[in-house]
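Engineer: Input: one structure, supplied below.
Derivation of every value follows stated rules applied to the coordinates shown; laboratory data play no part. Everything quoted here is computed from the prediction, not taken from an experiment. Because the Cβ atoms are built from the backbone with ideal geometry, glycine has one as well, and the counts that use them run over all protein chains shown.
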Amino acid sequence: MWEGMLDGMWIGIQTTLIPVNIVVVLFGCFIGSFIGMLPGLGPITAVALMIPVTYGLNPATGMVLLAGVYYGAIFGGSTCSILINAPGEAATVATAFDGYPMAQKGKPGKALAIAAYSSFTGGTVAVILLMIAAPMMASVAKSFQSSDYFALMVMGLTAVSAFAGKGGFLKAVLMVVVGLMLSTVGTDQTSGVQRYTFGSLDLLDGISFLMLAMATFALTEGLLMILKRLDTTGVFKSENVGSISDLKVTKKEFKKILPTMGRCSLLGFFIGALPGAGATLGSFLSYGMERNLASKEDREEFGKGSIIGLSAPETGNNAASSGSFVPLLTLGIPGSGTTAVMLGALIAYGIEPGPRMFVERPEVFWAVIMSMYLGNVFLLILNLPLIPYFARLLAVPKNILIPCIFFFSIIGVYLVTFNTFDIEMMVAIAAVALVARLLNYPMAPILLGFILGGLMEDNLRRSLEIYNGSIAFLWQRPVTMVINLMTLGFLVMPVAQMILAFRKSRRAGDRFNA
Amino acid sequence: MNSEKIGAFLCLLFSVAYGLGAFTIPLTFLSQDEVINARTMPFALGIAGVVISLLIILLPTIEAEGRRSLKEVFAGLDWQRAIWFLGITVIYGLIMKWLGFIISSILFLNTGFYILGERSLKVMVLASVPLVIGLFFLMSYILGMYIAPGEIFYMIGVIK
């Protein structure tokens, strides 16, 4: 196995060190940081916006670019959290707990530098773990059959819902189902019959995943900014840039955060590798763990600008971002909304995600992993000195920013199909998604359900055909049964939480708004 | 009814319509006897959607955010601008084929800037024209993508 791994690493190094791929990693990190830093825009939007650009590249280069955009966007989001307390997405919320107070105390440069070093450490440790875990997992997964894949997909979708929180479980499951429903639109691949096309030729190929991603994230974010009159330009002015140039972190401070970075890298990676958990849980759990482990003196600093409190979620979310590539690359199951978009991109490149990719397209598999090393180094040495300049982005007024977000989203979709019907449909979906988001229904599960829907139906069909129409495939193969038991485990957790919450509110005499 | 339940109610309506739509999916002669056919998944998903929506409607709301009324959720939002913006996006989609990428995009961006309150013509032009023309050159000359000129140029005889 180790020999195969070394061979693979060599292929990955060779692919990554092609000049075009080095440029692409650099560009990905840069553009990811750039988009991630814009208030309201997270990694899902950043990755979705860049997909049209990757269609002209070979799959390995395209995936390297998207991976760079992903961790660049996480890094950029942290900057936004620290400087203006406006996290672009949930994974960087915990960063603001201590990063923003530190910036308020007149140390924004130090806060950004600690975030950068922690991100680098979390990302690098996680890539080493990814390099070991991914081939092992892929080797095991090579023996998987259709029934195992079907069970895995159900587990992935259940896990996404399970991590949605005690009150959000059913809503997340419902959104997964809506995503699965949308995936059935178009021509059925097996029988060739049309489903929900309403006689429209434009719907014969189904709904484009890129259009759905842009509509549910990029356009909706822009519309929410308009609706809520969110304007960050008053919070951060370009003349404040000078105060963030002091990026010095002392040796003593380094010593203090070193154990935190080590622990949170491991925790973040394992959390990220769980289907559905992702960077958000990685950052919050890391923050919670370090708060519990901190001395009484340090604990009192939490929430007031603690360097441990800043380092922990930053390390955790970056490690989890890399960890989320384990289920994506080895099983073809996305661990988060962003990796779901990347899975969609892989399918669009004509690559079948999963363990077969490890055997048939090792250059894609290993190039993504090896490029992460390079990406982490680029993020540190390039972005750290560029932070003061990047921060000027926060001063871009919303009345210029939002039309540009819309423009890039629309053009991204239009340039793939050259069909204006997609633009009209994108607007319709964005309007519906906007209402859903205002009603507090999550969007990432829709994307996951949509992307896995076709694969899930195929595997279910094959499993039923192999077992002559019997659902015995769910328990007859030991692997399938183990996966199904894990799914049950994921279901038990939120259901138990829900029951406890119901009892608690009943005891409190709450009458509920029915 | 709180906002969470209104969302579930809308999903319930969608699921019912989707489930009923499954009956209209045509089946080939051979697939009618198959264990799983083109209708199976939509039918199962329709039922799942109905069941989960009903569970959300019938069970108590846990999240504080979900207990807010529709009035509270929608209060103070700038709907007028958002609707205007969606409107110009639809128009952008409709005119792109006729006016071509460059003109329609510049028009869209400038109208968008104006709707959102930008009044400086210099800022609007400087933010839109270089962006659109730069992107056009990047797509056409560097990435080699063909972007069709607007139909209007053929109609008025500029391009033959």
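Engineer: Enter the Cα centre distance for the pair segment A:94-155 and segment A:417-465, rounded to the nearest angstrom.
Structural biologist: Each part's Cα centre sits 26 Å from the other's.
Engineer: Distance from the Cα centre of segment B:9-24 to that of segment B:99-121, in angstrom?
Structural biologist: 39 Å
Engineer: Report the FRET efficiency, 1/(1 + (r/R0)^6), for A:L201 and A:K296, where r is their Cβ-Cβ distance and R0 is 56 Å, rounded to 0.05. Can you show the working numbers first?
Structural biologist: Working: r = 68 Å, r/R0 = 1.22.
So the FRET efficiency works out to roughly 0.25.
Engineer: Let me ask another. Before rounding to the nearest 500, sum -39500 (n - 2.57) across all DSSP H runs of length at least 4 in chain A and divide by the residue total; then give [θ] at 222 nm in deg cm²/dmol. Show your work: numbers first, answer last.
Structural biologist: Working: 23 runs with 375 residues, N = 514.
Per the formula, -24500 deg cm²/dmol.
Engineer: Expressed in nm to one decimal, what extension gain is obtained for the pair A:L386 and A:Y55 from 0.36 nm per residue of sequence separation less their Cα-Cα distance? All intermediate terms of the calculation are to be shown ahead of the outcome.
Structural biologist: On the way: separation 331, 0.36 × 331 = 119.16 nm, distance 2.88 nm.
The A:L386-A:Y55 span can extend by a further 116.3 nm.
Engineer: OK, next. Give me the orientation-averaged projected area of the Cα convex hull of segment A:64-194, in nm², one decimal.
Structural biologist: On the way: hull surface 47.3 nm².
Mean orientational projected area (segment A:64-194, Cα hull): 11.8 nm².
Engineer: Between A:Q14 and A:F502, what length comes free when the chain is fully extended (0.36 nm per residue of separation minus the Cα-Cα distance, one decimal in nm)? Before the final figure, lay out the partial values.
Structural biologist: Values: separation 488, 0.36 × 488 = 175.68 nm, distance 5.62 nm.
Extra length from A:Q14 to A:F502 when fully extended: 170.1 nm.
Engineer: A follow-up question, please. For the protein assembly as shown, what mean projected area does the convex hull of the alpha carbons give, in nm²?
Structural biologist: On the way: hull surface 126.2 nm².
The orientation-averaged projected area of the Cα hull of the protein assembly as shown comes to 31.5 nm².
Engineer: Another question, if that's okay. If I model a spin label as a point 7 Å beyond the Cα along the Cα-Cβ vector, how far apart are those points for A:V359 and B:K160 in nm?
Structural biologist: Output for this residue pair reads 6.1 nm.
Engineer: Using the Karplus curve 6.51 cos²θ - 1.76 cosθ + 1.60 with θ = phi - 60°, what ³J(HN,Hα) values do you get for each residue of segment B:145-160, in whole Hz, with x for Gly and Pro?
Structural biologist: Each residue of segment B:145-160 in turn: 8, 8, 10, 5, x, x, 4, 4, 5, 6, 5, 8, x, 5, 10, 10 Hz.
Engineer: For A:R195, what residues show an amide H to amide H distance below 5 Å, using hydrogens built from the backbone and excluding near sequence neighbours?
Structural biologist: A:G186, A:T187, A:D188
Engineer: I've got another one for you. Given B:G7, B:V158, B:A148, which one lies farthest toward the positive end of the charge dipole of chain B, if we put +1 on the Cβ of every Lys and Arg and -1 on the Cβ of every Asp and Glu?
Structural biologist: B:V158
Engineer: So, in nm, how far is label A:I22 from label B:K122 when the simple model puts each one 7 Å beyond its Cα toward the Cβ?
Structural biologist: Using points 7 Å along Cα→Cβ, the separation is 4.3 nm.
Engineer: Label segment B:1-116 by shape, choosing from rounded, prolate and oblate, from the square roots a ≥ b ≥ c of the eigenvalues of the Cα gyration tensor; if a/c is under 1.5 it is rounded, and otherwise prolate applies when a/b is larger than b/c, oblate when it is not. Before the final figure, lay out the partial values.
Structural biologist: Details: a/c = 4.75, a/b = 1.30, b/c = 3.66.
In terms of gyration-tensor shape, oblate.
Engineer: Within the P(r) computed for segment B:48-105, what percentage of the Cα pairs occupies the region above 14 Å?
Structural biologist: Numbers: 1218 of 1653 pairs.
Within segment B:48-105, distances greater than 14 Å cover 74 percent of Cα pairs.
Engineer: Ranked highest first by the average count of other Cβ atoms within 10 Å around their residues, in what order do A:182-193, B:3-14 fall? Numbers along the way, then the final one.
Structural biologist: Details: A:182-193: 17.9, B:3-14: 21.0.
Sorting A:182-193, B:3-14 by mean packing, highest first, produces B:3-14, A:182-193.
Engineer: Would you tally the net charge around B:D78, using a Cβ to Cβ cut-off of less than 9 Å, leaving B:D78 out, and scoring K and R as +1, D and E as -1?
Structural biologist: Values: positive: A:K228, A:R229, B:R81; negative: none.
So the surrounding residues net to +3.
Engineer: On to the next question. Say the dipole of segment B:27-76 comes from +1 at the beta carbon of Lys and Arg and -1 at that of Asp and Glu; which of B:G49, B:N37, B:S69 then lies farthest toward its positive end?
Structural biologist: Most positive-ward Cα: B:S69.
Engineer: Further question on the same structure: If Rh is defined by the Kirkwood formula over all Cα pairs and Rg also comes from Cα, what ratio Rg/Rh do you get for segment A:428-514?
Structural biologist: On the way: Rg = 19.1 Å, Rh = 16.9 Å.
Looking at segment A:428-514, the ratio lands at 1.13.
Engineer: Where in chain A is the longest stretch that carries no trypsin sites (Lys or Arg not before Pro) classed as loop by DSSP and with at most 10 other Cβ atoms within 10 Å? Spell out each step's value before the answer.
Structural biologist: On the way: sites that count: A:K248, A:R511.
With a cap of 10 other Cβ atoms within 10 Å, the longest stretch comes to A:249-510.
Engineer: Would you mind checking the pairs A:K255/A:K304; A:K105/B:K71; A:K228/B:K97; A:K105/B:K122; A:K304/B:K5; A:K255/A:K296 and listing those with alpha carbons more than 27 angstrom apart? Numbers along the way, then the final one.
Structural biologist: Values: A:K255/A:K304 20 Å; A:K105/B:K71 39 Å; A:K228/B:K97 33 Å; A:K105/B:K122 38 Å; A:K304/B:K5 38 Å; A:K255/A:K296 18 Å.
Over 27 Å Cα-Cα: A:K105/B:K71; A:K228/B:K97; A:K105/B:K122; A:K304/B:K5.
Engineer: While we're on this one: Can you run phi through the Karplus equation (6.51, -1.76, 1.60; θ = phi - 60°) for segment A:361-374 and list ³J(HN,Hα) in whole Hz, with x for Gly and Pro?
Structural biologist: Result, ordered by residue: 10, x, 5, 6, 4, 7, 5, 4, 5, 5, 5, 5, 4, 4 Hz.
Engineer: Fully extended, how many nm does the chain gain between A:D7 and A:Q189 (0.36 nm per residue separation, minus their Cα-Cα distance)? Provide the component values of the computation, followed by the final result.
Structural biologist: Working: separation 182, 0.36 × 182 = 65.52 nm, distance 3.68 nm.
This chain segment gains 61.8 nm when fully extended.
Engineer: Could you give the size of the charge dipole of the protein assembly as shown about its Cα centre, using +1 on the Cβ of each K and R and -1 on the Cβ of each D and E, expressed in debye and rounded to the nearest 20?
Structural biologist: Details: 43 positive and 37 negative charges, 375 e Å.
In debye, rounded to 20, the protein assembly as shown gives about 1800.
Engineer: For helix B:79-115, report the angle its Cα long axis makes with the longest principal axis of the Cα atoms of chain B; keep it between 0 and 90° and round to the nearest 10°.
Structural biologist: 60 degrees
Engineer: With the calculation restricted to Cα positions, what are the radius of gyration and Dmax of segment A:346-424 in angstrom?
Structural biologist: In order Rg, Dmax, the Cα atoms of segment A:346-424 give 18.8, 49 Å.
Engineer: Determine ³J(HN,Hα), in whole Hz, for all residues of segment A:344-350 in sequence, where each value follows from phi through the Karplus function 6.51 cos²θ - 1.76 cosθ + 1.60 and θ = phi - 60°; x replaces Gly and Pro.
Structural biologist: Karplus-based 3J(HN,Hα) across segment A:344-350 equals x, 5, 4, 4, 5, 6, x Hz.
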